[in-house]
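Structure first, commentary second.
The values are calculated or read from the model by the stated rules, or taken from the named source; none is laboratory data. Note that the structure is a prediction, hence the values are computed from the model and not measured. Note: ideal-geometry Cβ built from the backbone for every residue, glycine included; neighbour counts use all protein chains shown.
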Amino acid sequence: MKMEQYAYIRVSTKEQHIDRQIMALKPYSISPKNIYCDYQSGKDFERPEYRKLIRKLKEG
């Protein structure tokens with residue numbers, strides 16, 4: 001059974017682009033629906049997409 005793969009991307013501002021991070025993920029063939037991205041500061045973990053990803057993950 002193939003394990004589902006996920007990725008998390010964060011940039012600090014809306015002006016920054018996620019393109020380079022998306023390109024870096026290409027070799028892993030992660031489905032776009034499994035890539036979560038937040039556009040906000042890294043000062044804490046109050047990030048909506050990060051929280052969605054954590055809820056989605058299963059042990060193992």
**Prompt:** Restricting the search to the stretch 19-43, which residues are among the aliphatic types (A, V, I, L, M) and either surrounded by 15 or more Cβ atoms within 10 Å (Cβ to Cβ) or touching a residue at least 24 places away in the same chain (Cβ under 8 Å) (or both)?
**Reply:** 22, 25, 30, 35
**Message:** Tell me whether the stretch 17-37 contains one or more residues that are at pLDDT below 90 and assigned to a loop (DSSP other than H, G, I, E, B).
**Reply:** yes
